[in-house]
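Reading through the structure tokens given below for one structure.
The values are calculated or read from the model by the stated rules, or taken from the named source; none is laboratory data. Quick caveat: nothing in here was measured; it's all calculated off a predicted structure. Note: areas computed on protein heavy atoms with side chains; ligands, DNA, RNA excluded. Shrake-Rupley method; radii C 1.70, N 1.55, O 1.52, S 1.80 Å.
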Amino acid sequence: MNEYDFKAKRYIAMVRASHLSDELSTDAQLQLLHERVREKGMIHVDNIVLDGVSGSLPGNRDDMEKLIARKKTTNDFDVLVVQRLDRLTRGGSGHGLWFEHECQRAGIHVFFVGD
């Protein structure tokens with residue numbers, strides 16, 4: 001399998017925390033994400049910060065559909081950078097796989113820096 005070439009790819013960093021804490025705060029997550037992608041030569045486009053958003057209730061979230069719609073309408077990014085799958089969703093593996101599949105269909109590469 002060929003490794004994805006991240007150089008000069010435009011990225012959006014997505015962070016989520018249902019409860020604020022020092023270790024998993026959205027600020028700490030953003031710092032980690034930007035540090036990890038800096039060495040890959042990627043171009044930062046935007047941050048999506050979901051403070052106080054539960055990942056356990058996929059039906060209460062519209063951020064994922066909005067991100068896919070953004071790709072389809074403005075096409076201003078190539079990669080979605082997330083810390084780990086559990087920062088993206090806690091709605092089960094089916095929800096995570098669905099989202100990754102929909103991203104792939106839209107031309108978005110999902111990069112989990114901690115997995």
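Ordered by solvent-accessible area of protein heavy atoms (1.4 Å probe), largest first, the residues Lys71, Lys9 come out as Lys9, Lys71.
Can you put Asp76, Asp27, Asp62 in order of accessible area, largest first, using a 1.4 Å probe?
On the way: Asp76 45, Asp27 115, Asp62 80 Å².
Largest to smallest exposure gives the sequence Asp27, Asp62, Asp76.
When nucleic acids and ligands are ignored and a 1.4 Å probe is applied, Arg84 ends up with an accessible area of around 70 Å².
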